[in-house]
Amino acid sequence: MYRFTLPRDLYYGKDALEALKTIKGKKAIIVLGGGSMKKFGFVDKVVSYLNEVGIETQLFEGVEPDPSVETVMKGAEAMRDFEPDLIVAMGGGSPIDAAKAMWAFYEYPEVTFEQLITPFSFPELRQKARFIAIPSTSGTATEVTAFSVITDYQKGIKYPLADFNITPDVAIVDPALAETMPAKLVAHTGMDALTHAIEAYVSTLHTTFTDPLALKAIDIVDRKLTKSFDGDMEAREEMHYGQCLAGMAFSNALLGIVHSMAHKTGAAFSTGHITHGLANAMYLPYVIKYNSKVEEAAERYADIAKSIGITAESTTEYVDKLRARIVELNDYMGIPNTLKEFGIIEEEFNEKIDAIAENAVGDACTGSNPRAIDPATMKKLFTCIYYGIEVDF
Ligand code: FE
């Protein structure tokens with residue numbers, strides 16, 4: 001038996017934020033990030049729409065990028081004090097991810113992170129509150145997924161939480177919020193969305209229900225991402241929906257080793273953070289080459305290529321042209337195609353790569369990748385990405 005879970009309601013389109021006027025409840029806590037939602041007037045709108053229908057509101061502000069355990073605990077405490085029956089999380093992936101974890105600790109104060117990290121082992125949520133997610137970036141799709149990533153900075157661990165209990169009840173995908181993104185964020189989050197869709201399509205857990213969502217998302221990214229990057233707001237709107245479709249696919253089909261590798265390299269080097277979407281964009285063409293040694297995966301990559309209008313004589317040619325298309329997107333948006341070009345120091349790379357490769361193999365996303373990998377091969381793959389060497393193993 002399989003399960004396919006999405007939010008019960010998804011509001012989208014111009015002024016979708018006004019859907020809040022149809023929500024029933026008494027008290028809403030609004031979880032926010034760094035302040036851009038306030039600056040652009042969206043917080044005022046949310047508060048006034050909720051107040052209009054008699055819902056009392058309280059803000060929980062300042063969730064940092066890569067939200068910490070401390071922030072989650074502070075938020076859960078604020079929720080226990082205020083006792084909301086609605087949690088409204090608005091902004092990029094971080095405030096929404098943090099709010100999902102706060103929700104669990106609000107409803108179950110005695111639970112620990114260690115207990116929550118076993119996938120699909122959450123206690124039954126919705127005992128106290130329902131969850132509304134309103135994304136302002138077009139990539140993570142956390143508004144429709146069963147995932148949240150929380151960082152324990154003291155232990156240096158990222159807790160990937162995965163459970164359909166934290167799939168939001170309502171997602172509001174309003175394109176006006178995505179208009180506030182700077183171009184670089186459009187590029188990185190857009191490539192994250194493309195990676196979600198491609199990895200979900202070739203995942204060992206892909207299904208008849210996830211495939212069409214993934215293909216449509218890829219089609220939208222292929223046609224709209226560079227336009228959105230250039231400031232075309234109609235394309236930006238389509239991308240906001242496309243990334244959401246990708247999220248619906250990967251929340252139910254899971255991901256692959258591009259994500260494993262991005263997770264374990266994000267904060268690994270002293271030269272600075274490798275943004276999640278940028279890491280995915282760099283690694284994706286190499287991983288496609290690696291995975292395409294498995295015939296079934298190669299055929300699925302060829303399916304993707306065909307679906308976006310690529311023509312070729314053989315499966316191999318389809319796969320190569322799909323990889324070239326991804327590199328073309330990267331080049332257009334100024335995303336490097338090697339770790340060396342990104343600025344990782346060779347000595348540091350050599351020093352750390354064994355541990356990184358081992359960690360990446362152990363990542364939660366590795367299990368659904370269409371081709372198995374061991375630490376030694378993972379190291380070889382990373383080495384290809386560092387120098388820009390063609391993957392031939
Ligand atoms: Fe991602």
Residue tally, condition aromatic (Phe, Trp, Tyr) and either outside any loop (DSSP other than H, G, I, E, B) or buried (at least 21 other Cβ atoms within 10 Å of the Cβ) (or both), over segment 110-120:
1
Among the numbered criteria (1) modelled with pLDDT of 95 or more; (2) in a loop (DSSP other than H, G, I, E, B); (3) of a type outside the set (Gly, Ala, Ser), which one does Tyr11 miss?
(2)
Which of the residues that make up segment 59-93 are surrounded by fewer than 19 Cβ atoms within 10 Å (Cβ to Cβ) and in a strand (DSSP E or B)?
Leu59, Ser68
Answer yes if at least one residue in segment 241-253 is within 15 Å of the ligand (Cβ to nearest atom), under 13 Å from the mean Cα position of the chain (by Cα), at pLDDT below 95 and in the same structural domain as Ala360 (by TED's automatic domain parsing), and no otherwise.
no
Given the structure, is Thr226 away from the ligand (no atom under 11 Å from the Cβ), over 20 Å from Leu329 (Cα atoms), hydroxyl-bearing (Ser, Thr, Tyr) and not assigned by TED's automatic domain parsing to the domain that holds Asp174?
no
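Could you grab me the full set of residues in segment 229-240 that are outside any helix (DSSP H, G or I) and either within 16 Å of the ligand (Cβ to nearest atom) or among the acidic types (Asp, Glu) (or both)?
Asp230, Asp232
Just checking, which of Glu234, Glu313 is of a type in the set (Asp, Glu), over 30 Å from Ile172 (Cβ atoms) and surrounded by fewer than 24 Cβ atoms within 10 Å (Cβ to Cβ)?
Values: Glu234 fails: over 30 Å from Ile172 (Cβ atoms).
Only one candidate qualifies: Glu313.
Kindly evaluate Gly272 against the criterion of being in contact with a strand residue (DSSP E or B) (Cβ under 9 Å, 6 or more places away or on another chain) and modelled with pLDDT under 95. Give the derivation first.
Details: in contact with a strand residue (DSSP E or B) (Cβ under 9 Å, 6 or more places away or on another chain): no; modelled with pLDDT under 95: yes.
Answer is no for this residue.
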I'm checking my understanding of the structure. Among residues of segment 174-201 that are touching a Phe, Trp or Tyr at 6+ places or on another chain (Cβ under 7 Å) and under 15 Å from Phe147 (Cα atoms), which one is farthest from the ligand (Cβ to nearest atom)?
Ala200
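Mind listing just one residue for me: the one in segment 187-228 that is hydroxyl-bearing (Ser, Thr, Tyr) and in a helix (DSSP H, G or I) and, of those, surrounded by the fewest Cβ atoms within 10 Å (Cβ to Cβ)? Outline the logic, then answer.
At the first step, the residues of segment 187-228 found to be hydroxyl-bearing (Ser, Thr, Tyr) are 189, 195, 201, 203-204, 207-208, 210, 226, 228.
Subset that is in a helix (DSSP H, G or I): 189, 195, 201, 226, 228.
Details: Thr189: 29, Thr195: 28, Tyr201: 28, Thr226: 18, Ser228: 28.
The qualifying residue surrounded by the fewest Cβ atoms within 10 Å (Cβ to Cβ) is Thr226.
Based on this model, can you work out whether Asp374 counts as surrounded by fewer than 20 Cβ atoms within 10 Å (Cβ to Cβ) and either outside the structural domain of Leu194 (by TED's automatic domain parsing) or over 18 Å from His263 (Cα atoms) (or both)? Full working, then the answer.
Values: surrounded by fewer than 20 Cβ atoms within 10 Å (Cβ to Cβ): yes; either outside the structural domain of Leu194 (by TED's automatic domain parsing) or over 18 Å from His263 (Cα atoms) (or both): no.
It is false that Asp374 is surrounded by fewer than 20 Cβ atoms within 10 Å (Cβ to Cβ) and either outside the structural domain of Leu194 (by TED's automatic domain parsing) or over 18 Å from His263 (Cα atoms) (or both).
Residues to consider are Ala267, Ala279; find the one that is more than 14 Å from the ligand (Cβ to nearest atom), hydrophobic (A, V, I, L, M, F, W, C) and either free of Cβ contacts under 8 Å to residues at least 24 places away in the same chain or closer than 25 Å to Ala183 by Cβ (or both).
Values: Ala279 fails: more than 14 Å from the ligand (Cβ to nearest atom).
Result of the check over Ala267, Ala279: Ala267.
Would you mind finding the one in Asp66, Asp81, Asp97, Asp85 that is at pLDDT 95 or above, of a type in the set (Asp, Glu), under 25 Å from Ile274 (Cβ atoms) and not assigned by TED's automatic domain parsing to the domain that holds Ala262?
On the way: Asp66 fails: at pLDDT 95 or above; Asp81 fails: under 25 Å from Ile274 (Cβ atoms); Asp85 fails: under 25 Å from Ile274 (Cβ atoms).
Just a single option satisfies the conditions, and that option is Asp97.
Outside any loop (DSSP other than H, G, I, E, B) and either away from the ligand (no atom under 15 Å from the Cβ) or not hydroxyl-bearing (Ser, Thr, Tyr) (or both): does that describe Lys289? Quick ask: steps written out before the conclusion?
On the way: outside any loop (DSSP other than H, G, I, E, B): yes; either away from the ligand (no atom under 15 Å from the Cβ) or not hydroxyl-bearing (Ser, Thr, Tyr) (or both): yes.
Criteria met by Lys289.
Based on this model, can you work out whether Ile274 counts as outside any helix (DSSP H, G or I), within 16 Å of the ligand (Cβ to nearest atom) and more than 19 Å from Arg223 (Cβ to Cβ)? Let's see the steps before the verdict.
On the way: outside any helix (DSSP H, G or I): yes; within 16 Å of the ligand (Cβ to nearest atom): yes; more than 19 Å from Arg223 (Cβ to Cβ): yes.
So Ile274 passes the test.
Out of curiosity, is His259 in contact with a strand residue (DSSP E or B) (Cβ under 8 Å, 6 or more places away or on another chain), closer than 21 Å to Asp374 by Cβ, within 13 Å of the ligand (Cβ to nearest atom) and not small (Gly, Ala, Ser)?
It is false that His259 is in contact with a strand residue (DSSP E or B) (Cβ under 8 Å, 6 or more places away or on another chain), closer than 21 Å to Asp374 by Cβ, within 13 Å of the ligand (Cβ to nearest atom) and not small (Gly, Ala, Ser).
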Against the condition within 16 Å of the ligand (Cβ to nearest atom) and under 17 Å from Met248 (Cβ atoms), how does Ala171 come out, does it pass?
no
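Here are some residues: Ile353, Ile304. Which one is within 20 Å of Phe250 (Cβ to Cβ) and surrounded by 13 or more Cβ atoms within 10 Å (Cβ to Cβ)? First the steps, then the outcome.
Details: Ile353 fails: within 20 Å of Phe250 (Cβ to Cβ).
After applying the criteria, what remains is Ile304.
The values are calculated or read from the model by the stated rules, or taken from the named source; none is laboratory data. This is a predicted model, so every value here is computed, not measured. Virtual Cβ from ideal backbone geometry, glycine too; neighbours counted across all protein chains shown.
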